[in-house]
Amino acid sequence: MLGATLGRGAASGLPAPDVPDLKAYRLRPSEEEVTSYVGMVIFLGSWAMMFAALFFAYAVVRVRAPGWPPPDQPPLPILLPGLNTAVIAASSAAVAFAVRAHALGRHRRAARALGLGAGLGALFLALQAVVWAGLWRDGFLPSGGPYPSAFYALTAFHALHVLVGLAALGVLAIRAPSPRGLSRSAVRLWGMFWHFVGAVWGALYVALYLL
Amino acid sequence: MTAPRVGRTAIALAVSLVGSAATLAALAGGAAWAAPLPEPGYGLPRDVSVDGHRIDHLLYFTLGAITVVFAVVAALLVWSLARHNREHPALYSHGNGRSIAVVVGAVAALLVGVDGYLFVHTLGDMRSTFWNFPRAEAAEGAVRIEVNAHQWSWDARYPGADGKFGTPDDVVTLDDVRVPVGVPVVVQLASTDVIHSMYLPNFRVKQDAVPGTVTRLTFRAKVPGEYEIACAQHCGANHYKMRGVLTVLAPQAFREWLAEAGEDARRAYDPEDAEAHWGWEWRTEP
Amino acid sequence: MSTIAQVLAEASQPIHPPPTSFWRRYVFSTDHKVIARQFLWAGLLFLLLGGTLAMLIRWQWAFPYRPVPALGRLLFGSSGGVIGPATYQHLFTTHGLVMIFFAVTPVLIGCFGNFLIPLMIGARDMAFPRLNMYSLWTFLLSQLLVLASFLTDLGSAGAGWTTFPPLSTNVGMPGLGQTLVVAAIFVTGVSSTMGAINYVTTVIRMRAPGMGYLRLPLTVWGLWLTAILNALFVPVLGSAALLLLLDRNFGTQFFIAGASAVRGGGDPILFQHLFWIFGHPEVYILILPAWGILGDVLAIFARKPHHWYKGTVWAMVLVTVLSAMVYGHHMFVTGMSPLLGEGFMLFTLLISAPSMVVVLNWVATLWRGSLRFDTPMLFALATVFVFGVGGLTGLFLADISMDLYLHDTMFVVGHFHFTMAAASFIGAMTGVYFWFPKLFGRSLDERLGRAHFWFTFVGITAVFAGQLVVGWAGQQRRLFDPFQYTFIQGLRGLNQWTSYAAFALFAGQFLFVWNFFKTLFGKAAPAGANPWEATTLEWTETSSPPPFHNFDRIPEVVRGPHELSNPEVRRLTGRDYAGQAEVLPGGGEPGRAAAGV
Ligand code: HEA
Ligand code: HEA
Ligand code: CUA
Ligand SMILES: [Cu+2]
């Protein structure tokens, strides 16, 4: 919804000066695109504060705990989430590629890349679900104290963001092929959001699983 | 001739009656102060602590300082409201070096003179007294009390004769804390349900009781009598009822009470009664 | 003749035709002016609700255990119209929350932020009009959640506006009401964040040509800094609310500890950190717009440029920067480490300096002006006084040692009513009286306005002074029946008189309600484009109310916001003011004749 709102990237209506470097000219952002870009940066900064607060909460309960992980509770798996980190990284790369392709007017290619990004995102969620299911079966429940509380809260809240991004990428992938299907900044801004979600996962993986 | 004898007995009787009545009255009189008194007037509650005057001093200093500041600024305002009205031609100025210097100077003066004074004194008071627990505990005859706050009352625990907490001779009271005059009292606070705040208006001190941690409070009483323990932190529907009584006794009276209560405690001790064993090892470093 | 800069601006903000359908026009509108009016209505209605709740609080303290007249049977029928202890905690909790998040915020930020930012910087609309609409509707949803919480069988939230756990968890506040209110806080936080993103971007990107940062009206500065604080710290509150909801509904243990925790246990103080990291910036979020409004209104009604504009701007920026570094002063008695406490005390004392600069600049602005005492000016002056009282009482609380005694007493309540319930509230009233003509095209009645002013100024001072005095005498806050305590019994009379003052204050507000509706729906004459002879763009460059596209031509700004009583201007135009975008005859820009004070 945000991208849709911000991304009203109509061309600025300025007469096109005849520049030699056509690529640079095509990539030149319009006034409105810059505005929506600024908006997205502020939004992500603001949302980062929210995750920062969650990490702060995690740090506090962890520092207070006698041991981490508490003796009577299972250590978290490392491998599957590690794989997941790679998955979401790959997905980000695909989206980055799509953004550039779309900006240069290569719509079909952009669509395919977006589809790939979305697919990888879905895979990420699937693997995440597997991790949760496994732990749940081992009786690792949110009510088991701060340790599982923090784990489930952070991962679930992040997964919600993945879900939102996923929906957006899906819609973009469907709309992308038609030349007038999408504004440039719609793709670009959702791309930024997706990278943000990926980055947060990176931090989560290190904080929750590795440290 | 019997009459005088009758008279004498009558007089003796009367005397004895009056005497006993007087002693009763005296006792009653003695009992009269044995209940928290309402505060006279609107000012600060009576300060019955050794260190409360430090806080009162700052309170009055700040009150004086801001009254002066307010009066001066208000006077300027009122003056310009009265004089610089529609008839008065407005001066065209965005502010010049001098006027800006006046503003900055005034602020700097306030910052140093008022804020600075407050900062320095508070720092001193906190370090020397209100948050200086090692010193309080080290003091000769310091009294240690564990208080467990819960909805909606104050359980107090004294170590008893053996000086250890969690032993059969612990003295446990409900909404009734007793301390001797003069010596530092060190309270360790805990809560078993929600956050409460132990507030002693007449001693100018306050400390939250937080579930999951032990917090500390220290004060020294000066005037014997009964005062109120208030709960300052909203802790549910009956927050307003979470009222205890703090009795300040002469050292001798306190010792006697504690010994006596310790005896009763040992006799009444029941190892089965888990409820009664909420005490903890005294924390040297919470 | 329009400059290149203006052509470019026009190009990036073309005029769109206004929507024609009723729904798009008045309900699901993306026009910042319509959204502003919607926020104003939503806010004023909840102001009335919050005020009513305050009256119930005051009734309880004046006549404990006596049935509330009229309303009583309606609200607390089960108890025969008497307020019970459980009900009382819902009263002050919802009063605080409603006033802060759902009444003053929408009026001060939702209404004036939306209405003024584009108009004052010379833009056709917000940067993201649709996001703006979403912000409004999420806000209305949050208000609905609050209203719904009153209907739940265990009553609304009761853990205090600060919602400290464990009391705010199921341990202390079972029942749907508390959950709904915490959810409402989260939702309204989302709304504020959306608004903030919009405001910040708009000021950065949409300023008219020539409108440099140091030419922005102070109102815009206040709103912009507020938006920045919102964008940074409301999400922190959001995560606190989120974790609290998890603790309430999904059995997690972030804030539950001690005997109330099943095992291990979280940290109740963690919530207080998260809450106050947001909470202290929040209080500046509520005062900065009021400061800004005062900066402009005082200058315009003193017919004198604002004194040391740059100084005020930098002071406000400094307050914004420091605001997050003082939050610990709310937690002095939670058992925080002494060193930390001392640091917070230091910063708290420091932050009072820029605030003093702001206040003294107001005084210097009035000094040797040519004051006009129209209603907006009266409210502005009153705001200066009450903020002075509120701010100065903050100095007591800033010190750990005095706070040992004053914390959680009515003194704190008096402090923040003078700053927030007085300064922010009547600062907002200043704005309502000042911009009403621009909002609705008609001016509010001056005589009713004056009457409303005296009721409000005298009433507010009396009520909140009463709070300060009982606080000084040691009375704690949030007491259903303070007179349980013998040391408070002497204050019975004072509490009662404070209540009488509060009732008068409340009654006085209906002069405003009447004035408001009379002007709106009566037959008042059109106000004209610039009734106050003001200098900023919304007055000088467009009509009242402005057309859908705000400005027929995007203005090019040529001077600062307060060019008043400039002799050069008077010589050229015969007026004592020059609009920010006004090109003077002969095109000559009068030199800032910095005539000595
Ligand atoms: C708009 C809101 C607002 C504002 C602006 C302020 C401003 C300040 N506040 Fe306040 N505060 C609150 C709202 C606000 N506060 C709220 C809501 C709470 C309680 C929350 C709760 O617990 O429920 C609170 C609580 C609070 C506490 C915690 C008390 C406690 O719980 O124990 C402290 C402690 O330091 C504090 C300090 C300050 C300080 C130092 C300022 C400084 O910024 C003040 C600086 C201003 C000045 C120094 C005035 C300068 C003026 C002059 C020099 C001239 C004046 C004269 C005339 C005008 C005639 N505040
Ligand atoms: C900006 C916020 C704000 C405002 C404006 C007010 C306004 C008032 N407050 Fe409030 N108050 C708080 C914020 C506010 N308060 C907070 C945060 C708390 C702490 C809660 C807690 O402890 O958790 C509190 C607590 C609080 C207490 C302490 C309760 C306790 O500790 O037990 C008291 C008691 O006197 C009180 C009284 C009042 C009074 C008499 C007013 C009066 O000023 C009210 C006057 C009436 C109005 C302002 C309404 C007028 C209506 C209109 C103008 C609307 C017009 C409508 C149309 C045109 C459609 N308040
Ligand atoms: Cu215990 Cu309030
Ligand atoms: Cu604060």
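Among the residues making up segment C:118-142, those that are more than 14 Å from chain A (Cβ to nearest Cβ), surrounded by 24 or more Cβ atoms within 10 Å (Cβ to Cβ) and not small (Gly, Ala, Ser) are C:Leu119, C:Met120, C:Phe139. Restricting segment B:238-265 to residues that are within 16 Å of ligand 2 (Cβ to nearest atom) and surrounded by 20 or more Cβ atoms within 10 Å (Cβ to Cβ), the residue that is farthest from the other protein chains (Cβ to nearest Cβ) is B:Met242.
Taken together, the residues in segment B:190-214 that are more than 9 Å from ligand 3 (Cβ to nearest atom), surrounded by 24 or more Cβ atoms within 10 Å (Cβ to Cβ) and part of a loop (DSSP other than H, G, I, E, B) amount to 3.
Scanning segment C:79-105 for residues that are more than 28 Å from the chain's Cα centre (by Cα) and more than 22 Å from B:His239 (Cα to Cα) returns a single hit, C:Gly80.
Every test in (1) more than 22 Å from the chain's Cα centre (by Cα); (2) surrounded by 18 or more Cβ atoms within 10 Å (Cβ to Cβ); (3) more than 8 Å from every other protein chain (Cβ to nearest Cβ) is passed by B:Trp154 save one, and that test is (1). With respect to (1) in contact with a helix residue (DSSP H, G or I) (Cβ under 7 Å, 6 or more places away or on another chain); (2) under 20 Å from C:Val333 (Cα atoms); (3) at pLDDT below 95, the lone exception for B:Val194 is condition (1). Residue check: is C:Arg492 touching a helix residue (DSSP H, G or I) at 6+ places or on another chain (Cβ under 9 Å), at pLDDT 95 or above and within 14 Å of chain B (Cβ to nearest Cβ)? Criteria not met by C:Arg492. In segment C:579-596 there is no residue that is part of a loop (DSSP other than H, G, I, E, B) and in contact with a strand residue (DSSP E or B) (Cβ under 7 Å, 6 or more places away or on another chain).
For segment C:224-251, the candidate set comprises residues that are among the small types (Gly, Ala, Ser) and within 8 Å of chain A (Cβ to nearest Cβ); within that set, the residue that is surrounded by the most Cβ atoms within 10 Å (Cβ to Cβ) is C:Ala240.
Return a yes/no flag: does segment B:123-143 have any residue that is closer than 28 Å to B:Tyr60 by Cα and of a type in the set (Val, Ile, Thr). Looking through segment B:123-143, at least one residue is closer than 28 Å to B:Tyr60 by Cα and of a type in the set (Val, Ile, Thr). Of the residues C:Ile300, C:Ile269, the single one that is farther than 25 Å from A:Ala150 by Cβ and assigned to a helix (DSSP H, G or I) is C:Ile300. Only residues that are over 20 Å from C:Pro555 (Cβ atoms) and hydrophobic (A, V, I, L, M, F, W, C) were counted across segment C:103-124, and they come to 7. Out of C:Gly369, C:Gly414, I need the residue that is outside any helix (DSSP H, G or I) and surrounded by 23 or more Cβ atoms within 10 Å (Cβ to Cβ). Which one? So the residue among C:Gly369, C:Gly414 that is outside any helix (DSSP H, G or I) and surrounded by 23 or more Cβ atoms within 10 Å (Cβ to Cβ) is C:Gly369. Condition first: touching a Gly at 6+ places or on another chain (Cβ under 8 Å), within 12 Å of another protein chain (Cβ to nearest Cβ), within 16 Å of ligand 2 (Cβ to nearest atom) and of a type in the set (A, V, I, L, M, F, W, C). Can you find one or more residues in segment C:90-104 that meet it? Yes, segment C:90-104 contains at least one residue that is touching a Gly at 6+ places or on another chain (Cβ under 8 Å), within 12 Å of another protein chain (Cβ to nearest Cβ), within 16 Å of ligand 2 (Cβ to nearest atom) and of a type in the set (A, V, I, L, M, F, W, C). Kindly check whether there is at least one residue in segment C:276-283 that is over 15 Å from the mean Cα position of the chain (by Cα), assigned to a helix (DSSP H, G or I) and more than 16 Å from ligand 4 (Cβ to nearest atom). No, there is no match, as no residue in segment C:276-283 is over 15 Å from the mean Cα position of the chain (by Cα), assigned to a helix (DSSP H, G or I) and more than 16 Å from ligand 4 (Cβ to nearest atom).
Taking segment C:80-177 as the region of interest, the helices (runs of 4 or more DSSP H) fully inside it that hold 1 or more residues being out of contact with any strand residue (DSSP E or B) (no Cβ under 8 Å at 6 or more places or on another chain) and closer than 27 Å to C:Asp247 by Cα are C:85-97, C:129-151.
Taking the criterion of being of a type in the set (D, E, K, R) and not in a helix (DSSP H, G or I), the residues of segment C:398-411 that qualify are C:Asp399, C:Asp408. Before we move on, is C:Gly341 among the small types (Gly, Ala, Ser), within 12 Å of chain B (Cβ to nearest Cβ) and under 30 Å from B:Ser197 (Cα atoms)? So C:Gly341 passes the test. Of everything in segment C:160-172 that is at the interface with chain B (Cβ under 7 Å from one of its Cβ atoms), of a type in the set (A, V, I, L, M, F, W, C) and within 15 Å of C:Ala240 (Cα to Cα), the residue that is nearest to ligand 1 (Cβ to nearest atom) is C:Phe164.
Exactly one residue out of C:Leu381, C:Leu360, C:Leu395 is part of a helix (DSSP H, G or I), in contact with an Asp or Glu (Cβ under 9 Å, 6 or more places away or on another chain) and facing chain B (nearest Cβ under 10 Å): that is C:Leu395. For first residues located in segment C:411-434 and within 16 Å of ligand 3 (Cβ to nearest atom), partners that are of a type in the set (Gly, Ala, Ser) and at pLDDT 95 or above and lie 6+ apart or on another chain with Cβ distances below 7 Å form the pairs C:Val412/C:Gly471; C:Val413/C:Gly471. Listed by first and then second residue, the pairs with beta-carbon distance under 6 Å, at least 6 apart or on different chains, first residue in segment C:319-331 and part of a helix (DSSP H, G or I) and modelled with pLDDT under 95, second more than 16 Å from ligand 2 (Cβ to nearest atom) and not aliphatic (A, V, I, L, M), are C:Met325/C:Phe347. Checked against the criteria, C:Gly328 counts as within 10 Å of ligand 1 (Cβ to nearest atom), of a type outside the set (S, T, N, Q) and in contact with a Phe, Trp or Tyr (Cβ under 6 Å, 6 or more places away or on another chain). Summed over segment B:173-197, residues that are within 16 Å of ligand 1 (Cβ to nearest atom) and either closer than 16 Å to B:Trp278 by Cβ or among the aromatic types (Phe, Trp, Tyr) (or both) total 1. On inspection, C:Gly343 fails the criterion of being within 16 Å of ligand 2 (Cβ to nearest atom) and surrounded by fewer than 22 Cβ atoms within 10 Å (Cβ to Cβ). Residues that are among the β-branched types (Val, Ile, Thr), within 16 Å of ligand 2 (Cβ to nearest atom), buried (at least 22 other Cβ atoms within 10 Å of the Cβ) and more than 9 Å from chain B (Cβ to nearest Cβ): does segment C:290-299 have at least one? Yes: segment C:290-299 contains one or more residues that are among the β-branched types (Val, Ile, Thr), within 16 Å of ligand 2 (Cβ to nearest atom), buried (at least 22 other Cβ atoms within 10 Å of the Cβ) and more than 9 Å from chain B (Cβ to nearest Cβ). Only one of C:Leu350, C:Leu404, C:Leu395 is more than 8 Å from ligand 1 (Cβ to nearest atom), under 30 Å from C:Phe271 (Cβ atoms), free of Cβ contacts under 8 Å to residues at least 60 places away in the same chain and not acidic (Asp, Glu). Can you tell me which? Only one candidate passes the filter, namely C:Leu350. Out of the residues in segment B:220-237 that are of a type outside the set (Gly, Ala, Ser) and within 12 Å of chain C (Cβ to nearest Cβ), which is farthest from C:Thr162 (Cα to Cα)? The extreme case among them is B:Glu226. Screening B:Gln233 with (1) within 8 Å of ligand 3 (Cβ to nearest atom); (2) assigned to a strand (DSSP E or B) gives one miss only, at (2).
The values are calculated or read from the model by the stated rules, or taken from the named source; none is laboratory data. For clarity, every value in this text was computed on a predicted model and none was experimentally measured. Note that each Cβ is placed from the backbone with ideal geometry, even for glycine, and that neighbours are counted across all protein chains shown.
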